[in-house]
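See structure below.
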Amino acid sequence: MTFMGNELKEKLIAKIEYAESALKAASTEAEIENLRVEMIGRNGFFPAISAEMKNIPYQEKPEFGKAFNVAKNRFESLLEEAKESLKTKSRRQSDKSVDLTLPGRKWPIGVKHPISKVIDDCVAIFRRMGFIVAEGPEIETVYHNFDALNTPPDHPSRDPQDTFYFGDGRLLRTQTSTVQIRYMEKNQPPIRIVSPGRCFRRDTPDATHSMNFHQSEGLYIDKNVSMADLKSTLLYFGRELMGSETQLRLRPHFFPFTEPSVECDFSCIMCGGKGCRVCKFSGWLEIAGAGMVNPNVLRNVGFNPEEWSGYAFGMGIERIAMIRYRINDIRYLYENDMRFLEQF
């Protein structure tokens with residue numbers, strides 16, 4: 001190598017030795033930063049050496065370039081080690097100022113939202129009866145939300161005034177019954193599922209309505225299933241959730257996906273069935289809609305209604321939460337007011 005190459009290599013070696021010694025002695029971030037600027041800053045040592053490389057003979061540039069890169073990487077490694085060492089020293093000094101005999105800080109522990117608590121409790125009850133949890137998408141097709149559930153084309157729930165539609169024809173599901181269809185499409189009877197989840201409808205928000213809400217749907221498909229099975233399931237659920245004295249009342253109703261259909265009322269937990277403002281002095285609280293699965297729904301998923309039968313039910317989670325916790329306005333559940341939520 002020529003004198004120029006040797007001279008530059010000696011400069012590299014000497015400067016790295018200097019930098020290593022200076023970094024070990026550095027006691028502040030400012031000293032480390034000053035050395036960084038001196039070595040690799042815009043006008044620092046390494047940029048200056050790089051500019052001198054044009055004077056090195058062509059055949060010697062690869063070897064010197066390798067030495068240059070090794071030296072620069074070495075400095076950067078030393079720089080990071082110095083920074084980490086300074087942090088460690090600072091941490092140790094800080095630790096010395098801590099009184100280890102002091103009691104620890106008590107951090108507040110979060111609690112579940114009342115809606116989550118009700119969902120968990122409902123699911124736990126149905127699990128004890130042999131149900132499993134099934135889930136499905138919140139963005140659904142018209143087929144799964146209406147057609148497969150035997151909802152006629154002129155049904156009011158299909159109207160854009162009641163349902164949120166996307167430009168591609170899909171929609172935000174209006175009920176968790178869609179999960180029942182998707183599950184039956186992929187599984188053969190017997191089936192026993194419960195499907196809690198969020199639903200969406202174009203309701204005007206008020207004390208008892210919201211554009212988004214939660215439902216918990218249940219489905220049982222097997223041979224020789226009857227209304228007696230449905231009644232016993234809902235009665236057990238009501239007594240587990242609201243107390244052993246809870247009574248059940250079924251009233252005739254209509255739903256496209258069940259036949260026959262019923263509305264399910266539980267005796268008022270506020271007054272014990274005697275009548276109060278909460279139950280509008282009737283002694284009963286409407287909790288769920290239910291019925292035997294319509295044969296058309298079974299056919300839509302490929303089940304033979306001559307061989308299989310079943311029941312389905314659906315209940316509003318917010319309604320149960322409002323009754324259980326004596327909440328008089330559904331909007332409290334969504335306003336995220338800590339003064340309200342801390343009560344639970």
(message) Looking only at residues that are at pLDDT below 75 and among the small types (Gly, Ala, Ser) in region 72-108, which one is surrounded by the fewest Cβ atoms within 10 Å (Cβ to Cβ)?
(response) Ser97
(request) Could you tell me whether region 267-277 includes any residue that is of a type outside the set (D, E, K, R), farther than 21 Å from Ile327 by Cα and touching a Ser or Thr at 6+ places or on another chain (Cβ under 7 Å)? (result) no
(message) Let me confirm something: among Glu217, Glu185, which residue is of a type in the set (Asp, Glu) and closer than 20 Å to Ile320 by Cα?
(response) Glu217
(request) Return the total of residues in region 26-39 being in a helix (DSSP H, G or I) and either in contact with a helix residue (DSSP H, G or I) (Cβ under 7 Å, 6 or more places away or on another chain) or more than 18 Å from Lys15 (Cβ to Cβ) (or both). (result) 7
(message) Being loosely packed, with under 15 Cβ neighbours inside 10 Å and modelled with pLDDT under 95 narrows it down to one residue among Phe266, Phe344; which is it?
(response) Phe344
(message) Please pick out the residue among Phe75, Phe164, Phe131 that is among the hydrophobic types (A, V, I, L, M, F, W, C), free of Cβ contacts under 8 Å to residues at least 60 places away in the same chain and farther than 30 Å from Ala30 by Cβ.
(response) Phe164
(request) Of all residues in region 240-277, count the ones that are under 33 Å from the mean Cα position of the chain (by Cα) and over 16 Å from Val118 (Cβ atoms). (result) 7
(request) Answer yes or no as to whether Ala30 is surrounded by 14 or more Cβ atoms within 10 Å (Cβ to Cβ) and within 23 Å of Ser85 (Cβ to Cβ). (result) no
(request) Check region 249-262 and report whether any residue there is more than 21 Å from Pro196 (Cβ to Cβ) and part of a loop (DSSP other than H, G, I, E, B). (result) yes
(message) For region 298-341, which positions are more than 27 Å from the chain's Cα centre (by Cα), in a helix (DSSP H, G or I), surrounded by 14 or more Cβ atoms within 10 Å (Cβ to Cβ) and not polar (S, T, N, Q)?
(response) Leu298
(message) Consider region 160-203. How many of its residues are more than 21 Å from His214 (Cα to Cα) and either of a type outside the set (A, V, I, L, M) or in contact with a Ser or Thr (Cβ under 8 Å, 6 or more places away or on another chain) (or both)?
(response) 9
(request) Would you please list the contacts, defined by Cβ atoms under 8 Å and residues six or more apart or on different chains, that run from a residue in region 263-290 that is farther than 25 Å from Ser216 by Cα to a residue that is at pLDDT below 80 and of a type in the set (A, V, I, L, M)? (result) Cys271/Val278; Cys276/Met270
(message) Is it the case, given these coordinates, that Ala288 is part of a helix (DSSP H, G or I) and among the small types (Gly, Ala, Ser)?
(response) no
(message) Of the residues Ile49, Ile125, only one is touching a residue at least 60 places away in the same chain (Cβ under 8 Å) and assigned to a helix (DSSP H, G or I); which?
(response) Ile125
(message) Considering only residues that are of a type in the set (S, T, N, Q) and out of contact with any strand residue (DSSP E or B) (no Cβ under 7 Å at 6 or more places or on another chain), which ones fall in region 247-301?
(response) Ser282, Asn296, Asn300
(request) Only residues that are farther than 17 Å from Pro295 by Cα, part of a loop (DSSP other than H, G, I, E, B) and not hydrophobic (A, V, I, L, M, F, W, C): list them for region 188-234, please. (result) Arg201, Arg202, Asp203, Thr204, Pro205, Asp206, Thr208, His209, Ser210
(request) Read through the list (1) part of a helix (DSSP H, G or I); (2) within 51 Å of the chain's Cα centre (by Cα); (3) at pLDDT below 80, then give the number of the only condition that Arg42 fails. (result) (1)
(message) Going residue by residue through region 145-165, is there one that turns out to be surrounded by 18 or more Cβ atoms within 10 Å (Cβ to Cβ) and small (Gly, Ala, Ser)?
(response) yes
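The values are calculated or read from the model by the stated rules, or taken from the named source; none is laboratory data. Since the structure is predicted, the reported quantities are computational estimates derived from the model, not experimental observations. Note that each Cβ is placed from the backbone with ideal geometry, even for glycine, and that neighbours are counted across all protein chains shown.
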